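Peer 1: Could you have a look at this structure, given as structure tokens, before my questions?
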Amino acid sequence: MAAVRAARRQRLRGFAFVLPALLWTAAFFLLPFAFMVAMSLWRRVGGRILESWTLENYADFFGRPHFLEGLANSLEITLTVTVISVLFAYPLAWIIAEKVPERWQRAALMLAVLPFWTSYVVRSYAWLLVLAHDGVVNRALLAVGLVEAPLVLASTRTATVIGFVHFFVMLLTLTIYANLRQLSPNYARAAADLGAGPVRIFLHVILPLTLPGVMVGAFLTFVLAIGDYVTPQILGGNNELVLPQIIMLQIGRRADLPSASAMAIVLMAVVTLVYFACARWLRLERA
Amino acid sequence: MRRLADGLALGYVVAVYAFIYLPVAVLVLFSFQESRLPIPPFDGPSLRWYAAVFADRRLTDALANSLLVALLSSALAALLGFLAAYGLARYRLPASGLQRALLTAPLSVSYLIIGLGLLIMFSRLGVPRSLLTVGIGHTVINLPLCFAITYSQMGAHQENVERAARDLGAREWQVMLLVTAPMLLPAILAGFLLSVTFSWDEFIIAFLLSRFDVTLPVEIWSLLRSGLNPRNNAVGSVVFLFSFALVLVMELLLFRRGRRR
């Protein structure tokens with residue numbers, strides 16, 4: 001009896017440590033989410049919010065080509081960015097892990113991800129400078145004679161993709177490098193003993209073994225890119241809007257919180273679907 | 001053959017590093033521009049735009065606001081995160097998996113959605129938007145980080161030391177404050193500094209939840225409407241320098257800890 005009571009007292013005491021954080025998360029994460037769900041089921045009519053339950057905001061979203069296009073733009077841009085970033089980051093991570101002498105690896109990695117820490121508003125602005133009509137890239141292309149007139153780079157989808165790829169190459173280099181380093185060198189040695197050449201070792205041993213880690217990084221890229229408003233707004237401008245831009249338009253210009261909420265929930269649903277689609281690979285990593 | 005492969009690898013690394021550093025280099029270089037446009041040719045160096053930044057009351061106010069929000073919200077996140085990690089690592093609690101999942105859940109939701117949810121809740125409850133609401137939002141996004149970092153560093157080694165302290169008659173709060181917290185200080189500090197950098201750079205939550213007093217990224221956002229301008233370069237360089245310094249401090253802390261082990 002006394003032992004049971006003591007155990008319960010222990011549990012209560014432990015719980016008291018966790019409670020503040022739990023309460024904080026409940027009050028400022030779960031509760032706002034509940035508010036958002038409720039809001040998405042209300043309507044904004046004539047400048048006021050009508051508190052009667054309806055699915056019309058969702059019907060609106062899926063009924064209007066304008067909104068669906070935003071979702072399609074988001075998916076296209078995000079997938080492009082994810083694929084390109086992985087293709088750029090993997091070789092870099094591999095070279096740092098394999099070719100750079102051990103004692104310089106950490107410095108090389110630090111150097112590769114340092115601009116990761118620039119504020120993202122500032123980073124997008126910096127790309128705008130680079131890609132501007134009279135910017136560095138156009139000046140260089142003109143000077144070399146590759147183009148005859150400055151390219152239109154700012155306020156295009158290309159600019160958005162470049163801005164994103166810049167950020168995610170750094171992120172993915174970090175995660176893929178960590179993955180490559182975890183790999184025991186014995187796998188490659190065993191394959192070499194069995195007569196495999198370097199290309200074959202890479203394709204049949206290293207790459208499959210690091211794929212789960214790459215998938216985790218790619219998923220992270222997908223989630224962060226599809227939810228970002230700043231990069232497409234600064235670099236992509238006002239054509240080919242992505243979903244976060246459309247959500248911000250509902251909040252700002254139209255003060256239509258119900259439809260913004262419905263769209264935010266659609267966005268979350270998309271991310272969740274992608275998560276379940278990738279879950280097979282994402283889970284592999286823990287095994 | 002091998003020479004060629006190494007040469008290609010080197011060329012690739014140089015190209016990617018150039019890509020990574022191009023925007024930062026252009027940003028910083030043209031912050032020292034003399035004339036009014038931050039585009040080539042470079043006609044500096046001049047410090048006039050930095051002078052303009054530090055003479056602008058709204059920018060220096062926003063900078064102070066950003067520091068205030070970053071420091072306070074990160075301190076709160078580090079404190080709540082440490083307490084939760086201590087409770088979950090040292091006690092056998094029911095549904096501890098669920099509690100961990102709840103505490104780390106905000107990591108998987110985009111900032112825009114977290115900000116929108118808080119905006120709706122505060123407006124329904126009649127809470128005015130201010131630096132306080134921004135700080136609340138930043139604590140929400142940083143608490144999972146601080147918790148996860150501290151939790152991952154709570155090993156059996158510290159538990160033995162804690163047990164020894166208890167055997168020697170230390171009370172629970174003494175154990176936590178005088179034994180566990182000092183041992184975990186690197187992890188707590190790492191979480192705190194990481195939170196400071198995230199809060200310092202965070203835009204969308206601060207944009208949605210602030211009104212009259214704004215943080216630096218929000219102020220920069222409104223400056224960007226003026227287009228390309230060396231003053232924007234200067235303020236961007238200052239922001240970058242600050243983040244860079246924080247990361248350096250963090251790296252040194254973690255590096256030192258790594259070597260000691």
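Quick note: the coordinates plus some simple rules give every number you see, no bench work behind them. Note that the coordinates shown come from a computational prediction; the quantities given were computed from them, not determined experimentally. Neighbour counts run over all protein chains shown; Cβ positions are idealised from the backbone, glycine included.
Peer 1: What net charge is computed for the residues neighbouring B:PHE32, neighbours being all others with C-beta under 10 Å from the C-beta of B:PHE32, Lys and Arg scored +1, Asp and Glu -1?
Peer 2: With Lys, Arg at +1 and Asp, Glu at -1, the net is -1.
Peer 1: Treating only the Cβ of Lys, Arg, Asp and Glu as charged (+1, +1, -1, -1), what charge dipole size does the protein assembly as shown show about its Cα centre? Round to the nearest 20 debye. The partial results should precede the final answer.
Peer 2: Numbers: 45 positive and 28 negative charges, 352 e Å.
Roughly 1700 debye, rounded to the nearest 20.
Peer 1: On C-alpha positions alone, give me the angle between the axis of helix B:230-260 and the longest principal axis of chain B, in degrees, nearest 10.
Peer 2: 30
Peer 1: For chain B, take the longest principal axis of its alpha carbons; what is the angle in degrees between that and the long axis of helix B:57-90, to the nearest 10 within 0 to 90?
Peer 2: So the inclination is approximately 30 degrees.
Peer 1: Checking the a/c ratio against 1.5 first, then a/b against b/c, what shape does the Cα gyration tensor give for the stretch A:12-84?
Peer 2: Details: a/c = 4.35, a/b = 1.39, b/c = 3.13.
Judged from the Cα gyration tensor, the stretch A:12-84 comes out oblate (a/c at least 1.5, b/c at or above a/b).
Peer 1: Sticking with this structure for a sec: Quick check on the stretch A:157-287: take the gyration tensor over C-alpha atoms, sort the square-rooted eigenvalues as a ≥ b ≥ c, and tell me if it's rounded (a/c under 1.5), prolate or oblate. Provide the component values of the computation, followed by the final result.
Peer 2: Details: a/c = 4.18, a/b = 2.39, b/c = 1.75.
Here the stretch A:157-287 falls in the prolate category.
Peer 1: Now for a different question. Taking the Cβ of B:ILE120 as the centre, find all other residues whose Cβ is under 14 Å away and add up their charges (Lys, Arg: +1; Asp, Glu: -1).
Peer 2: Neighbour charge sum, excluding B:ILE120 itself: +1.
Peer 1: Something else: For the stretch A:131-287, what is the charge dipole size about the Cα centre, in debye to the nearest 20, if Lys and Arg each add +1 at the Cβ and Asp and Glu each add -1 at the Cβ?
Peer 2: Magnitude of the dipole: close to 420 debye.
Peer 1: Moving on. Taking +1 at the Cβ of each Lys and Arg and -1 at the Cβ of each Asp and Glu, which of A:VAL122, A:VAL161, A:VAL205 sits farthest along the dipole of chain A towards its positive end, judged by Cα position relative to the Cα centre?
Peer 2: The one lying farthest along the dipole's positive direction is A:VAL205.
Peer 1: What number does the protein assembly as shown give for Rg over Rh if you use C-alpha atoms and the Kirkwood radius? Don't skip to the answer; put the middle values down first.
Peer 2: Details: Rg = 25.1 Å, Rh = 25.6 Å.
Rounded to two decimals, Rg/Rh equals 0.98.
Peer 1: For A:TYR58 and B:GLN158, what is the calculated FRET efficiency with R₀ set at 51 Å and r taken between the beta-carbons, to the nearest 0.05?
Peer 2: Computed FRET efficiency for A:TYR58 and B:GLN158: 0.55.
Peer 1: Using amide H atoms built 1.01 Å from N in the peptide plane, name the residues 5+ places from A:ARG43, or on other chains, whose amide H lies under 5 Å from its own.
Peer 2: It is A:LEU50, A:SER52, by chain and number.
Peer 1: Now for a separate question. With a/c under 1.5 counting as rounded, go ahead and sort chain B into rounded, prolate or oblate using the C-alpha gyration tensor (a ≥ b ≥ c being the square roots of the eigenvalues; past the cut-off, prolate if a/b is larger than b/c, else oblate). Could the numbers behind the result be given before it?
Peer 2: Numbers: a/c = 2.26, a/b = 1.43, b/c = 1.57.
Because a/c hits 1.5 or more and a/b fails to exceed b/c, chain B counts as oblate.
Peer 1: Under a GNM of chain B (C-alpha, springs under 10 Å), which listed residue has the highest mean-square fluctuation: B:VAL214, B:VAL239, B:VAL109?
Peer 2: Result for chain B, Cα springs under 10 Å: B:VAL109 fluctuates most.
Peer 1: Now for a different question. Sum -39500 (n - 2.57) across every DSSP H segment of at least 4 residues in chain A, then divide by the residue count to get the 222 nm mean residue ellipticity, nearest 500. Walk me through the numbers before you get to the answer.
Peer 2: Values: 13 runs with 206 residues, N = 287.
For chain A, the value works out to -24000 deg cm²/dmol.
Peer 1: Assuming 0.36 nm per residue, please report the length gained on full extension of the stretch B:ARG92 to B:ALA181 beyond their Cα-Cα distance.
Peer 2: Gain on extension, B:ARG92 to B:ALA181, equals 30.1 nm.
Peer 1: At 7 Å along Cα-to-Cβ for each site, give me the label-to-label distance between A:LEU203 and B:LEU252 in nm.
Peer 2: Label at A:LEU203, label at B:LEU252, 4.9 nm between them.
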